[in-house]
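Visitor: Structure below; questions to follow.
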2 protein chains.
Amino acid sequence: MSDSPLDVVGIGNAIVDVLTQADEAFLVTHDLAKGTMTLIDGNRAEELYAAMGPGLEVSGGSAANTMAGLASLGGNGAFIGKVRNDQLGGIFQHDIRAAGVAFETPVATGGPPTARCLIFVTPDAQRTMNTFLGAAVELGSEDLDEAAIGRAKVTYMEGYLWDPPNAKAAFQAAARIAHDAGRKVSLTLSDPFCVERHRDSFLELIGGHVDILFANEAEIRALYQVDDFDRALQEVRGHCEIAALTRGEKGSVVLA
Amino acid sequence: MSDSPLDVVGIGNAIVDVLTQADEAFLVTHDLAKGTMTLIDGNRAEELYAAMGPGLEVSGGSAANTMAGLASLGGNGAFIGKVRNDQLGGIFQHDIRAAGVAFETPVATGGPPTARCLIFVTPDAQRTMNTFLGAAVELGSEDLDEAAIGRAKVTYMEGYLWDPPNAKAAFQAAARIAHDAGRKVSLTLSDPFCVERHRDSFLELIGGHVDILFANEAEIRALYQVDDFDRALQEVRGHCEIAALTRGEKGSVVLA
């Protein structure tokens with residue numbers, strides 16, 4: 001990686017999406033909760049893939065997509081995430097670099113294959129995601145590019161990163177490296193169910209390590225277990241330096 | 001494969017397409033002739049892939065796409081083509097079966113990887129294709145499912161199948177099996193450049209083995225080396241039982 005200044009380093013699950021169209025009956029038959037992201041194991045991934053229609057493969061992953069978006073707007077970004085040395089890993093690696101994002105995380109040479117997310121798009125344009133984390137669970141503190149984190153204005157992490165067990169330690173280490181270098185640390189909550197899975201960790205980390213928090217309305221309400229958006233606003237104020245909260249057609253609120 | 005009656009067995013190159021957008025300057029820099037299909041080797045495939053933008057992977061191949069179209073219209077079809085036992089091969093295998101097409105060709109367990117076609121789409125909506133045939137070159141007569149060919153009303157082959165060297169013998173064998181069973185044999189010319197590469201073979205095969213010929217105007221003119229569509233019509237009449245010729249916005253002509 002060069003030593004040019006970086007706007008953002010993103011850390012997240014490196015995933016190839018497999019998209020197909022499905023009807024409501026398919027979701028019912030296969031016990032899929034519409035609009036959610038569910039973690040699945042290898043067997044379930046094979047079973048769902050066998051049942052799904054012809055697919056379209058495209059590199060994805062929450063933070064990785066954000067970094068590609070940053071690069072498309074002219075920002076200078078790098079991504080840290082784990083793929084295997086298989087064809088899907090090669091596709092992910094190619095795509096994110098081709099989008100203009102530096103990506104130098106060591107590739108796994110053994111263990112589970114590159115992560116994939118089986119996505120069913122229903123006629124109402126909702127997407128139902130089923131993620132097999134595969135090689136992404138191998139991401140650990142040893143994969144952090146300390147030099148890149150040290151020279152990036154912001155280190156940005158996705159909440160989904162809490163699902164693979166080693167990545168939490170990597171997040172904490174990355175936050176320390178960033179703060180020691182006088183940089184900012186940012187987190188997106190990713191998904192209300194992700195918040196349910198990791199609420200205590202998230203609250204502790206936001207209080208101690210996160211400068212900039214991204215969430216949508218459902219996620220921020222889930223974090224503080226409140227029904228009301230205004231209550232959530234009161235809770236988050238003072239909990240971190242900046243909170244950027246999106247509300248769909250109601251616009252967004254930035255607290256700073 | 002079951003013993004249900006088949007409308008069509010398609011034989012062709014089993015290919016995964018990798019699509020991206022590119023501007024005219026990209027085509028010039030990389031010496032790509034707009035709108036054509038060029039065969040490339042593994043080194044050129046790696047070089048072009050490294051230069052291309054983020055891609056979108058989708059199973060393709062001329063005859064394979066036709067079989068998926070047949071299935072979508074309610075037809076009963078099978079496909080014969082060669083992939084390797086790699087991830088792209090698994091994607092191709094899944095997609096064509098998920099489209100409702102039987103696909104039982106033995107998978108290569110060694111040799112080159114599954115074929116891919118790097119496709120550059122320019123702002124004028126033209127596509128420029130670069131095909132690395134990979135495992136598709138391994139298709140041979142031993143891969144023909146004689147029972148399927150024997151019970152399919154039509155055996156349909158793509159002209160692109162002439163590019164891998166062993167496939168020509170497979171075509172001839174397939175035509176014999178089909179005719180011995182009292183079935184029809186069909187060929188699409190695929191591409192004017194493909195016709196240039198294989199004109200003599202095509203003329204011989206159409207005279208001796210092809211009952212139903214598909215071509216567009218450029219392809220049929222290239223086949224008979226005439227500038228005029230009417231001249232081509234006179235040539236093809238009597239050369240095979242049915243000729244279905246497409247002419248873009250001018251409609252199509254079926255000679256029977």
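Visitor: Is it the case that some residue within segment B:72-85 is modelled with pLDDT of 95 or more, closer than 24 Å to B:D143 by Cα and either among the basic types (K, R) or in contact with a Pro (Cβ under 6 Å, 6 or more places away or on another chain) (or both)?
Guide: Yes; the residues of segment B:72-85 include at least one that is modelled with pLDDT of 95 or more, closer than 24 Å to B:D143 by Cα and either among the basic types (K, R) or in contact with a Pro (Cβ under 6 Å, 6 or more places away or on another chain) (or both).
Visitor: Follow-up question, since we're still on this one. In this structure, is A:A147 among the aliphatic types (A, V, I, L, M), surrounded by 21 or more Cβ atoms within 10 Å (Cβ to Cβ) and touching a residue at least 24 places away in the same chain (Cβ under 8 Å)?
Guide: So A:A147 fails the test.
Visitor: Of all residues in segment A:71-98 being more than 9 Å from chain B (Cβ to nearest Cβ) and polar (S, T, N, Q), which is surrounded by the most Cβ atoms within 10 Å (Cβ to Cβ)?
Guide: Checking each candidate, the answer is A:Q93.
Visitor: Report the residue count in segment A:108-133 for those that are part of a loop (DSSP other than H, G, I, E, B), of a type in the set (V, I, T) and surrounded by 20 or more Cβ atoms within 10 Å (Cβ to Cβ).
Guide: Residues flagged as part of a loop (DSSP other than H, G, I, E, B), of a type in the set (V, I, T) and surrounded by 20 or more Cβ atoms within 10 Å (Cβ to Cβ) within segment A:108-133 amount to 1.
Visitor: Any residue in segment B:29-51 that is among the hydrophobic types (A, V, I, L, M, F, W, C), over 23 Å from the mean Cα position of the chain (by Cα) and surrounded by 22 or more Cβ atoms within 10 Å (Cβ to Cβ)?
Guide: For segment B:29-51, residues among the hydrophobic types (A, V, I, L, M, F, W, C), over 23 Å from the mean Cα position of the chain (by Cα) and surrounded by 22 or more Cβ atoms within 10 Å (Cβ to Cβ): absent.
Visitor: Additional query: Determine the pairs where a residue that is part of a strand (DSSP E or B), located within segment A:232-251, has a partner that is of a type in the set (D, E, K, R) and surrounded by fewer than 14 Cβ atoms within 10 Å (Cβ to Cβ) with Cβ atoms under 8 Å apart, the partner being 6 or more residues away or on another chain.
Guide: As it stands, the answer is A:A243/A:R237, since those pairs meet every condition given.
Visitor: Could I ask something else about it? Just to be sure I understand, how many residues within segment B:68-92 are out of contact with any helix residue (DSSP H, G or I) (no Cβ under 7 Å at 6 or more places or on another chain) and closer than 22 Å to B:R151 by Cβ?
Guide: 8
Visitor: On the basis of being more than 24 Å from B:R116 (Cα to Cα) and assigned to a strand (DSSP E or B), does A:T105 make the cut?
Guide: Taking the combined requirement at face value, the residue does not satisfy it.
Visitor: Checking the condition more than 26 Å from B:Y49 (Cβ to Cβ), assigned to a helix (DSSP H, G or I) and touching a strand residue (DSSP E or B) at 6+ places or on another chain (Cβ under 9 Å), which residue from B:A136, B:A169, B:A178 passes?
Guide: B:A178
Visitor: Continuing with the same structure: I'd like to know if segment B:48-70 contains one or more residues that are more than 13 Å from chain A (Cβ to nearest Cβ) and in contact with a Cys (Cβ under 7 Å, 6 or more places away or on another chain).
Guide: Checked segment B:48-70: no residue is more than 13 Å from chain A (Cβ to nearest Cβ) and in contact with a Cys (Cβ under 7 Å, 6 or more places away or on another chain).
Visitor: When the residues of segment A:173-208 are filtered to those that are crowded, with 20+ Cβ neighbours inside 10 Å, small (G, A, S) and out of contact with any Asp or Glu (no Cβ under 6 Å at 6 or more places or on another chain), which remaining residue is farthest from A:E241 (Cα to Cα)?
Guide: Among those that are crowded, with 20+ Cβ neighbours inside 10 Å, small (G, A, S) and out of contact with any Asp or Glu (no Cβ under 6 Å at 6 or more places or on another chain), it is A:A174.
Visitor: Going residue by residue through segment A:150-157, is there one that turns out to be under 18 Å from A:S59 (Cβ atoms), surrounded by fewer than 20 Cβ atoms within 10 Å (Cβ to Cβ) and at pLDDT 95 or above?
Guide: Checked against the condition, which is being under 18 Å from A:S59 (Cβ atoms), surrounded by fewer than 20 Cβ atoms within 10 Å (Cβ to Cβ) and at pLDDT 95 or above, segment A:150-157 yields no hits at all.
Visitor: In addition: Run down B:G159, B:G134, B:G182 and say which single residue is of a type in the set (G, A, S) and farther than 29 Å from B:Q21 by Cα.
Guide: B:G182
Visitor: Follow-up question, since we're still on this one. Check whether at least one residue in segment B:23-36 is within 14 Å of chain A (Cβ to nearest Cβ) and in contact (Cβ under 8 Å) with a residue 60 or more places away in the chain, and report yes or no.
Guide: yes
The values are calculated or read from the model by the stated rules, or taken from the named source; none is laboratory data. All figures in this text were calculated on a predicted structure; none of them were measured in a lab. Using ideal geometry, Cβ is built from the backbone for each residue, glycine included, and neighbour counts are taken over all protein chains shown.
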